[in-house]
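Beneath this line is the structure, given in C-alpha cells, with notes to follow.
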Amino acid sequence: MSAKAEQKRETHEAILESAAKLLRSKGATGASVADVMKGAGLTVGGFYAHFANKDALVAETLRRTTQVMRTRLFSKLENVPSAERYDEILERYLTRLHRDVVDKGCPLPAVVGDVATSHPALQSELATFVEAYVKELAPHVPDASRARSVALATIAIMYGGLTLARAVGAGPLSDEILAACRSFASAAVRSVSTKKSKTKET
C-alpha cells in the first residue's frame, strides 16, 4: 500500500472513530459533519473525499458500532452453561456501566428515533442490524420454537430499557428499570417454556 493510500485509510478510520462517539451520544441528527470532522482533527472540506454524504457516514458507522456491540454481547458465551446464556446476554446489556458509558455502547438508544423521523434512508441499514442481532440471539433463547419472536421482543426490551434508564438519569429509579427489564424478560421467556412443557406432559 502506498503512503498516500495508507494516509487516506488512517484518515477514514479517524472519521469513523469520531462519528461513532458522536452517534452514540447525540444520534444521527445531532452528530453533525462539522463536529465529526472536528473530533477527528480534520477540516470539513476533506469529508467528501471519504463519504458521499452524511447518511453514508452514518450507515458505515452503524455497521461498525453494531458489530462491536454484538461481539461484546455474544463473546465467549460457549464458556457459559447453555441454560444460563439468555440471562447472561441480558446481564451484559442492561448494566449500569452500559448506561453510563454512552460513547462506547450500543448506538440504538440514540439512533432509532432519528432514523424513524429524520433519516428514513437509514431504515434498511437498521433493519439489517436487527436481523443480524436476531440471528445471533435466537440460538440462546430457552424456547426454541419461538426463538425469532422472543429474540425480537428481547431486543426491544433491552434497547427500550436502556433508553429509559438513561433518560431518567443515573440513580435508584434508573437502576430499578434495568433490573426490572432483566427480570421481566427472563421470567417471561421461562414462563412460556414451562407452560409448553406442562402442556406436552398432559
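The values are calculated or read from the model by the stated rules, or taken from the named source; none is laboratory data. Just so it is clear, the structure is predicted and the values come from calculations on it, not from any experiment. Note: ideal-geometry Cβ built from the backbone for every residue, glycine included; neighbour counts use all protein chains shown.
Which one of these is at pLDDT 90 or above and either surrounded by 17 or more Cβ atoms within 10 Å (Cβ to Cβ) or touching an Asp or Glu at 6+ places or on another chain (Cβ under 8 Å) (or both): 76, 54? Let's see the steps before the verdict.
Details: 76 fails: either surrounded by 17 or more Cβ atoms within 10 Å (Cβ to Cβ) or touching an Asp or Glu at 6+ places or on another chain (Cβ under 8 Å) (or both).
Answer to the selection: 54.
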ask   = So residue 76 fits all but one of (1) without any contact (Cβ under 8 Å) to a residue 24 or more places away in the chain; (2) in contact with a Ser or Thr (Cβ under 6 Å, 6 or more places away or on another chain); what number is the exception?
value = (2)
note = For region 146-164 the number of residues that are farther than 20 Å from residue 131 by Cβ and either not aliphatic (A, V, I, L, M) or not in a helix (DSSP H, G or I) (or both) is 2
Residues satisfying the stated conditions in region 165-188, i.e. part of a helix (DSSP H, G or I), over 10 Å from residue 96 (Cα atoms) and of a type outside the set (A, V, I, L, M, F, W, C) = 172, 176, 182, 183, 186
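Of everything in region 83-113, what is of a type in the set (Lys, Arg) and touching a residue at least 24 places away in the same chain (Cβ under 8 Å)? Give them in sequence order. Spell out the reasoning first.
The first filter runs over region 83-113 and keeps only residues of a type in the set (Lys, Arg), leaving 85, 92, 96, 99, 104.
Within region 83-113, 85, 96, 99, 104 qualify.
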ask   = Looking at (1) surrounded by fewer than 14 Cβ atoms within 10 Å (Cβ to Cβ); (2) without any contact (Cβ under 8 Å) to a residue 12 or more places away in the chain, can you tell me which one residue 147 breaks?
value = (1)
